[in-house]
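Chemist: Pasting a structure below so you can have a look.
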Amino acid sequence: MRKLVLGVAALCLSGMTAMAADDPIAVRKHIMASVGAAAGLSGSMMKGEVAYSPAAGKSAIATMAAAASSFGSFFPEGSDKGDTTAAPKIWEDAAGFQTALDKFAADAGAAVAASGKDGPADLEAFKAAMGPVMGNCKSCHEAYRVKK
Ligand code: HEC
């Protein structure tokens, strides 16, 4: 099962790399949309609207980690123009953006480590693992995203 998942992930990633040559804006927006979906699932479980399960918790955390480690690859020079809400500050303050990416990836990596083989055992464990990851959204968006 794990091999299958990894294989599919590798296929997806190679698909993304192929797209990147053409349209990095579309790729990074798709990656963030997956982050939004994982955050939505997490929020629903935290609020008790969706019953918590370790498998779902693990899936949401894995999505965050995959996004955090790939997102930064899709901001080449010139991709500030177009159908994007990425702020010019990403390119003006590349080091600061990298720091925000690194923190997101570090928090997601810690959540992966905490989630173990079967996912966080219960909702409390899931909240403890995912909480810090969710703390990255607002700060990065406020600094590096324009409201349109
Ligand atoms: C390191 C910075 C960073 C972090 C952390 C981050 N985002 Fe984003 N996000 C962005 C940027 C930049 C965009 C705009 C991308 C574009 O339009 O090119 C974006 C766009 C989005 C979008 C819109 C995608 C679309 O289809 O246009 C959603 C939804 C989103 N983020 C959700 C989240 C959530 C939820 C989190 C926290 C779990 C999060 N983001 C964390 C930088 C970040």
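The values are calculated or read from the model by the stated rules, or taken from the named source; none is laboratory data. A quick note: this is a predicted structure, and the numbers were derived from the prediction, not measured. Quick reminder, even Gly has a Cβ in these numbers, built from the backbone with ideal geometry, and neighbours come from all protein chains shown. Heavy atoms of the whole protein, side chains included, go into the accessibility calculation; ligands, DNA and RNA do not. Shrake-Rupley method; radii C 1.70, N 1.55, O 1.52, S 1.80 Å.
Chemist: What aspartates and glutamates sit close enough to Lys89 to cross-link, taking a C-alpha to C-alpha distance under 15 Å and skipping anything fewer than 8 places away on the same chain?
Modeler: Within reach: Glu77, Asp80, Glu142.
Chemist: Whole-Hz Karplus ³J(HN,Hα) for segment 106-114, in order, using 6.51 cos²θ - 1.76 cosθ + 1.60 and θ = phi - 60°, x for Gly and Pro?
Modeler: 5, 5, 5, x, 5, 5, 4, 4, 6
Chemist: Give me the accessible area of Arg145, 1.4 Å probe, in Å² rounded to the nearest 10.
Modeler: 120
Chemist: Given the -39500 (n - 2.57) contribution per DSSP H run of 4+ residues, what per-residue ellipticity at 222 nm results for the chain, rounded to the nearest 500 deg cm²/dmol?
Modeler: -24500 deg cm²/dmol
Chemist: Measuring from label point to label point, each 7 Å out along Cα→Cβ, what is the Lys47 to Glu124 span in nm?
Modeler: 2.4
Chemist: For the chain, what % of the accessible area comes from carbon and sulfur atoms, probe 1.4 Å? All intermediate terms of the calculation are to be shown ahead of the outcome.
Modeler: On the way: 5470 of 8500 Å².
Carbon and sulfur together cover 64 percent of it.
Chemist: Per residue of segment 88-98, what does 6.51 cos²θ - 1.76 cosθ + 1.60 with θ = phi - 60° give for ³J(HN,Hα)? Whole Hz please, x for Gly and Pro, Karplus curve as stated.
Modeler: Listing the rounded values in order: x, 4, 4, 8, 6, 10, 4, 5, x, 5, 4 Hz.
Chemist: How much length is gained if the chain between Glu142 and Ala26 is pulled fully straight, taking 0.36 nm per residue apart and subtracting their Cα-Cα distance, in nm to one decimal? Working shown, then result.
Modeler: Details: separation 116, 0.36 × 116 = 41.76 nm, distance 2.07 nm.
Between Glu142 and Ala26, full extension yields an extra 39.7 nm.
Chemist: Something else now. Using a Förster distance of 41 Å, how high is the FRET efficiency between Lys117 and Ala95, based on the Cβ-Cβ distance and rounded to 0.05? Don't jump to the answer; show the numbers that get you there.
Modeler: On the way: r = 36 Å, r/R0 = 0.89.
In this case the efficiency is close to 0.65.
Chemist: Residue by residue through segment 59-73, which ³J(HN,Hα) values in whole Hz follow from phi under the Karplus form 6.51 cos²θ - 1.76 cosθ + 1.60 (θ = phi - 60°), with glycine and proline marked x?
Modeler: Whole-Hz 3J(HN,Hα) from phi for segment 59-73: 4, 4, 5, 5, 4, 4, 5, 5, 5, 4, 7, 10, 3, x, 7.
Chemist: Further, regarding this structure: How large is the convex hull of the C-alpha atoms of the chain per residue, in Å³?
Modeler: So the per-residue Cα hull volume is 109 Å³.
Chemist: Pull up all non-local amide H partners of Arg145: gap of 5 or more, or a different chain, and H-to-H distance under 5 Å with H placed in the peptide plane.
Modeler: Hits under the 5 Å cutoff: Ala87.
Chemist: Here's another thing I want to ask about it. What is the angle, in °, between the Cα long axis of helix 123-144 and the longest principal axis of the Cα atoms in the chain? Nearest 10 is fine, range 0 to 90.
Modeler: It is inclined by approximately 10 degrees.
Chemist: For Cα pairs less than 8 Å apart in space and 6+ apart in sequence, what is the mean separation divided by the residue count of segment 22-124, i.e. the relative contact order in percent? If you can, show how the numbers build up before the last one.
Modeler: Numbers: 86 pairs, mean separation 41.2, N = 103.
Rounded, it is 40 percent for segment 22-124.
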